[in-house]
Every structure is written in C-alpha cells, then in structure tokens.
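Visitor: Attaching a single structure in structure tokens format; questions to follow.
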Amino acid sequence: MRAVTFTNFGGPDVLAVADRPIPEVAAGQVRVKVHAAAVHPLDVVARSGYLGGMVPPGPTYVLGVDAAGTVDAVGPGVTDFVVGQPVLAMSNWPETKIGTQTEYVVLPADFLAPAPSGVDFEAASTLPLNGHTAAQALKILGLKQGDTVAVTGAAGAIGTFGTQLALHQGLRVIAIAAQEDEPFLTGQGATFVARSGNPADAVRSVVPEGVDGVLDTASLGAKVIGAVRDGGSFVAVTPPAAPPAERGIRVGLVQARADGVELTELSRLVDSGRLTLRVAKTFPFEQAGDAHTLLAKGGLRGGVVLVPRV
C-alpha cells in the first residue's frame, strides 16, 4: 500500500510516498480503506522536528491523524462495524505513530464512528481531530446552559466546531474572527466581535461583566484572558498559549483523544445540520508537500485534505 512518510526532519520536500505492508487486523480492531485524510498543524510540526522526544529521529513515520473511508476488515470481537461501511476515525498520533495518510490503517474499533451520510469522504475527514478538540475543550470549560463563552479564531478549523457546538449546548457565543467572517458567524447565531489587537477589551465592550469562559483556538493567550470574569474558565488548544491563571480563573489545556462514542455524536450533528464541514483544498498523496505549504500559510476556511488517488 502507499503512504505519506518522512524519515528525516525538514521542509515539505522531505515528504515521500512509500510502499508499506498492509497492516493485519487483530482482536478489537478495524482495518479502514482510507478515501481521505485531513492534514493538520501536528503533521507540519512533526515533519519539521519540533516535537522533540515525542518523535525521535531515525524511523520512517507515516503521518496523519484523521481518516474517512470504508471498513475493509474487522478483527475478532468487533460487532459494531461491517465490511464496506463508511466510517470516520482518529488516531492518537504521536503517541502511537499510527498514521492515517495511507491506503489502509488499522485502529481500535472504539476509535471509529459511522460517517455522516450527507457529505463526501473529503469533507468527512475534516471532522475527527478538530471536532474532538472543540467538544473536549467545552467539557473542560464546564459551562452550563445560558453561560457566555468567547471563541477566538471562531471561523477557523477548531473554532467553527467550537462555536457551533457551544450554540448547540445552549451557550451564548461571542465569536472573535476576521471581519469577513461576520456573515458566517452571525448566521450561526453567534455575536460577532472583530479581531483586534486588544481582544479582551473588545469582548468586554459587548459583555462588560466578562464572559464565563474562553475557548482560545487562535492561541491569543494572555491577550484575551482579561475577557473572562473572575472565577471563570479558560481553555487553550496549544500548550504555549495557556496563560498564567489569575483572578480565580481556571486555565486548562485540551489534548484531544480518540473517542468513538463522541465521534458518533459529532457525525450525527453533521447529518442534522448542526455542524458545518468545509474543505479548503484537496491534494493527492504525491502533493503532500504542497498541502503542508498551504496549511502553514494559515488563514484557511476549511480543511486541507489528502486523497490516495485522484
């Protein structure tokens, strides 16, 4: 089978498509024939060598966290999935180093979920990691129906899901994003605040008493914690962006984990129209370097996706 790999750290040019053996399926596992696999910043930093001891030099790694495809084989004890079924999956990379940017991937059955029925595989592949991140961040925030949450980067990959999930949970959402994103976000039901150099004051101009929590998908950190009321909560999605706690505010960090039950619910929310999937561009495996270059530029509204063949 063909897979997107790298052996040496460096720029996008170190990526290669290599032949690898098709993995065997064991008890409790499912083999997925991958039709699409999203590309994430994690892939970029891993390839660049920025994960340190988590990804040591030497081995050949297969990249990829998300996959959408069809069940190719099931191991003993698996009863929830059948061969040919469309599914979504997330791999806990870099912990396991099991990459999804490959023609076949084997993962535990409880990492999988039925794919949403109304979208193609390319769009479906953008859901697992970003959807899990948003859902698990909201759980850490611990807000209740009627509370107010500010979402930074609210039109981005994680921010869109965070905004939509928060609204679905009955939260009031203050969506911080670029001016051109206002129609999309207000159309979802959020209150829009334009991105600025002082996001805390911008949010306080709308919610003078401060919001109950911040979901910081744009990694603004200390610049936006001032928007939170005393005793509120703040969740970062990247470790360096978690600011020091102040005024009794709980500061947390989300590190998404695969969860088939949660992913099934996210898939259902796509089918019900509660979650919007967007694809910025699709590339074949052979152009993985171009996909990394595009993703690193930032500013995308939708996922970057790799497909095994065009």
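The values are calculated or read from the model by the stated rules, or taken from the named source; none is laboratory data. On a predicted model such as this, the values are computed, not experimentally measured, just so you know. Every residue, glycine as well, gets a Cβ built from its backbone with ideal geometry; the counts of neighbours run over all protein chains shown.
Visitor: Return the only residue of ALA157, ALA177 being modelled with pLDDT of 95 or more, touching a Leu at 6+ places or on another chain (Cβ under 8 Å) and among the hydrophobic types (A, V, I, L, M, F, W, C).
Guide: Every option except ALA177 fails the conditions.
Visitor: Which ones in region 227-249 are among the small types (Gly, Ala, Ser) and assigned to a helix (DSSP H, G or I)?
Guide: Those that are among the small types (Gly, Ala, Ser) and assigned to a helix (DSSP H, G or I): ALA227, ALA241.
Visitor: Within region 10-39, count every residue that is in a strand (DSSP E or B) and either modelled with pLDDT under 95 or loosely packed, with under 12 Cβ neighbours inside 10 Å (or both).
Guide: Matching residues across region 10-39 total 1.
Visitor: Of the conditions (1) touching a Ser or Thr at 6+ places or on another chain (Cβ under 6 Å); (2) closer than 29 Å to ALA36 by Cβ, SER272 fails just one. Which one is it?
Guide: All conditions pass for SER272, except number (1).
Visitor: Oh, and also: So how many residues does region 232-252 have that are free of Cβ contacts under 8 Å to residues at least 24 places away in the same chain and under 25 Å from MET90 (Cα atoms)?
Guide: The total comes to 5.
Visitor: GLY248 versus (1) of a type outside the set (A, V, I, L, M); (2) under 22 Å from GLY146 (Cβ atoms); (3) within 17 Å of the chain's Cα centre (by Cα): which is the lone unmet condition?
Guide: (3)
Visitor: Answer with yes or no whether ALA291 is in a loop (DSSP other than H, G, I, E, B) and buried (at least 21 other Cβ atoms within 10 Å of the Cβ).
Guide: no
Visitor: For ASP271, only one of the following conditions fails: (1) under 23 Å from the mean Cα position of the chain (by Cα); (2) buried (at least 16 other Cβ atoms within 10 Å of the Cβ); (3) in contact (Cβ under 8 Å) with a residue 40 or more places away in the chain. What is its number?
Guide: Going through the list (1) under 23 Å from the mean Cα position of the chain (by Cα); (2) buried (at least 16 other Cβ atoms within 10 Å of the Cβ); (3) in contact (Cβ under 8 Å) with a residue 40 or more places away in the chain, ASP271 breaks only (2).
Visitor: Assuming ALA46 fulfils every condition listed in (1) outside any loop (DSSP other than H, G, I, E, B); (2) at pLDDT 95 or above apart from one, which condition is it?
Guide: With (1) outside any loop (DSSP other than H, G, I, E, B); (2) at pLDDT 95 or above applied to ALA46, the lone miss is (2).
Visitor: As an exercise: evaluate ASP201 against (1) more than 30 Å from VAL65 (Cα to Cα); (2) modelled with pLDDT under 95 and give the number of the one condition it does not meet.
Guide: (2)
Visitor: Got a number for residues in region 209-226 being part of a helix (DSSP H, G or I) and either among the aliphatic types (A, V, I, L, M) or within 19 Å of LEU167 (Cα to Cα) (or both)?
Guide: Count: 2.
Visitor: Which residues, counting only those in region 189-221, are β-branched (Val, Ile, Thr) and over 18 Å from GLY299 (Cβ atoms)?
Guide: Within region 189-221, THR191, VAL193, VAL203, VAL206, VAL207, VAL211, VAL214 qualify.
Per-residue answers, yes or no, for (1) in contact (Cβ under 8 Å) with a residue 40 or more places away in the chain; (2) over 22 Å from ALA157 (Cβ atoms); (3) hydrophobic (A, V, I, L, M, F, W, C):
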site	(1), (2), (3)
LEU63	yes, no, yes
ASP72	yes, yes, no
VAL87	yes, no, yes
TYR104	yes, yes, no
PRO116	yes, no, no
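Visitor: Here's another thing I want to ask about it. Quickly run through region 150-195 and pick out the residues that are surrounded by fewer than 20 Cβ atoms within 10 Å (Cβ to Cβ) and on the phi > 0 side of the Ramachandran plot.
Guide: Once the filter is applied, which keeps residues that are surrounded by fewer than 20 Cβ atoms within 10 Å (Cβ to Cβ) and on the phi > 0 side of the Ramachandran plot, region 150-195 yields GLY170, GLY189.
Visitor: Condition first: of a type outside the set (A, V, I, L, M), in contact with a Leu (Cβ under 9 Å, 6 or more places away or on another chain) and buried (at least 17 other Cβ atoms within 10 Å of the Cβ). Now tell me which residues in region 40-67 satisfy that.
Guide: HIS40, ASP43, ARG47, GLY64, ASP66 - these are the residues of region 40-67 that are of a type outside the set (A, V, I, L, M), in contact with a Leu (Cβ under 9 Å, 6 or more places away or on another chain) and buried (at least 17 other Cβ atoms within 10 Å of the Cβ).
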